[in-house]
1. Within the range 110-130, identify whether any single residue is in a helix (DSSP H, G or I), surrounded by fewer than 17 Cβ atoms within 10 Å (Cβ to Cβ), touching a Lys or Arg at 6+ places or on another chain (Cβ under 6 Å) and free of Cβ contacts under 8 Å to residues at least 60 places away in the same chain, and answer yes or no.
2. Just checking, how many residues over the range 84-109 are farther than 27 Å from L136 by Cα and either touching a Lys or Arg at 6+ places or on another chain (Cβ under 6 Å) or surrounded by fewer than 17 Cβ atoms within 10 Å (Cβ to Cβ) (or both)?
3. Taking the options G68, G43, G39, name whichever one is on the phi > 0 side of the Ramachandran plot, touching a residue at least 24 places away in the same chain (Cβ under 8 Å) and in contact with a helix residue (DSSP H, G or I) (Cβ under 8 Å, 6 or more places away or on another chain).
4. Return yes when D22 is over 21 Å from L213 (Cα atoms), of a type in the set (D, E, K, R) and in a loop (DSSP other than H, G, I, E, B) and no when it is not.
5. Restrict the check to the range 91-99 and report whether at least one residue is of a type outside the set (D, E), in a strand (DSSP E or B) and under 17 Å from L169 (Cβ atoms).
6. Select, from L34, L16, L55, L29, the only residue that is at pLDDT 95 or above, farther than 27 Å from L189 by Cα, under 18 Å from the mean Cα position of the chain (by Cα) and in the same structural domain as A239 (by TED's automatic domain parsing).
7. Right, G199: surrounded by 15 or more Cβ atoms within 10 Å (Cβ to Cβ) and modelled with pLDDT of 95 or more or not?
8. List the pairs whose first member sits in the range 216-244 and is over 20 Å from T54 (Cβ atoms), whose second member is among the hydroxyl-bearing types (S, T, Y), and whose Cβ atoms are under 9 Å apart, counting only residues at least 6 apart or on separate chains?
Amino acid sequence: MQSAGSTVSGDRQLVLKGLTKDFAGLRALDDVSLRLARGEILGLIGPNGSGKTTLINVVTGLLPASSGAVAVDGLDITNQPAFRIARSGLARTFQTIRIFRELTVLENVEVAAVSMGLTRPAARRRAANLLAELALTGWSGQRAGALPYGLERRVEVARALAMEPRFLLLDEPAAGLNEEESDELLHMLAPMPRARNLGMLIVEHDMRLIMRLCHRLHVLNYGRMIGEGSPEQVRAIPAVIEAYLGSKGARR
């Protein structure tokens with residue numbers, strides 16, 4: 001593991017190199033490496049329990065890595081505090097929605113912008129612009145906890161974008177959405193990387209969404225990478241078909 005502040009090759013990229021995470025003798029991540037460039041959408045798929053959320057938690061500082069390195073634009077951020085990692089350019093969403101349910105939609109997004117050092121007026125302007133961009137202006141004054149589930153998911157994405165990340169990590173953003181809502185999510189996310197010059201890593205079980213949205217896929221199983229490539233290439237890897245794509249739980 002490299003010391004904080006040292007450099008790792010990979011300008012304008014999120015780089016994971018040999019990332020390992022152990023829990024009391026259980027290896028949840030085993031020598032995981034990947035690269036995510038700005039403007040790219042990378043999908044991370046695999047069976048339940050394969051280590052996908054653990055990977056996001058380690059990258060974003062919620063869990064320490066046991067070994068390996070994480071770098072943003074060449075700067076090693078491995079095992080830094082979560083707030084420092086956020087300020088280095090990483091933002092995320094969660095499987096279970098984490099919004100301030102008693103605050104308004106606008107206030108939820110404003111709080112995220114303030115956390116990055118903006119003044120309240122500047123944060124409110126950024127929040128209002130994001131709500132307009134994500135078609136949420138009509139709900140800006142509504143209590144966030146009263147929104148339909150699909151809109152709550154959209155608010156969480158707006159909160160992450162308010163941090164102006166270089167890399168956005170989405171943990172099952174389509175969970176609980178119906179097919180129509182999943183299509184709306186696809187159309188919302190697809191243009192973001194190029195429009196905002198950010199890299200997007202998306203963990204998802206909705207294969208119908210993943211196969212249309214992502215430029216590349218990595219596949220985890222028991223904490224190890226078992227396949228990578230374009231969606232078409234990954235579909236044809238026997239180990240991936242056996243471990244995941246052939247399972248009843250994968251939506252197509």
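The values are calculated or read from the model by the stated rules, or taken from the named source; none is laboratory data. Owing to the predicted nature of the structure, the values given are computational and were not obtained by experimental measurement. Here Cβ is always computed from backbone atoms with ideal geometry, including for glycine, and neighbour counts include all displayed protein chains.
1. Checked against the condition, which is being in a helix (DSSP H, G or I), surrounded by fewer than 17 Cβ atoms within 10 Å (Cβ to Cβ), touching a Lys or Arg at 6+ places or on another chain (Cβ under 6 Å) and free of Cβ contacts under 8 Å to residues at least 60 places away in the same chain, the range 110-130 yields no hits at all.
2. In the first step, residues of the range 84-109 are kept if they are farther than 27 Å from L136 by Cα; the result is 84-85, 88.
Checking which are either touching a Lys or Arg at 6+ places or on another chain (Cβ under 6 Å) or surrounded by fewer than 17 Cβ atoms within 10 Å (Cβ to Cβ) (or both) leaves us with 84.
Total meeting the criteria: 1.
3. Working: G68 fails: in contact with a helix residue (DSSP H, G or I) (Cβ under 8 Å, 6 or more places away or on another chain); G43 fails: on the phi > 0 side of the Ramachandran plot.
The match here is G39.
4. Details: over 21 Å from L213 (Cα atoms): yes; of a type in the set (D, E, K, R): yes; in a loop (DSSP other than H, G, I, E, B): no.
It is false that D22 is over 21 Å from L213 (Cα atoms), of a type in the set (D, E, K, R) and in a loop (DSSP other than H, G, I, E, B).
5. Filtering the range 91-99 down to residues of a type outside the set (D, E) leaves 91-99.
So of that shortlist, the ones also in a strand (DSSP E or B) come out as 91-92.
Now restrict to residues that are under 17 Å from L169 (Cβ atoms): 91-92.
Within the range 91-99, one or more residues are of a type outside the set (D, E), in a strand (DSSP E or B) and under 17 Å from L169 (Cβ atoms).
6. Numbers: L34 fails: farther than 27 Å from L189 by Cα; L16 fails: farther than 27 Å from L189 by Cα; L55 fails: farther than 27 Å from L189 by Cα.
None of the others qualify; the one that does is L29.
7. Details: surrounded by 15 or more Cβ atoms within 10 Å (Cβ to Cβ): yes; modelled with pLDDT of 95 or more: yes.
Yes; evaluated as a whole, the condition is true for this residue.
8. R216/S230
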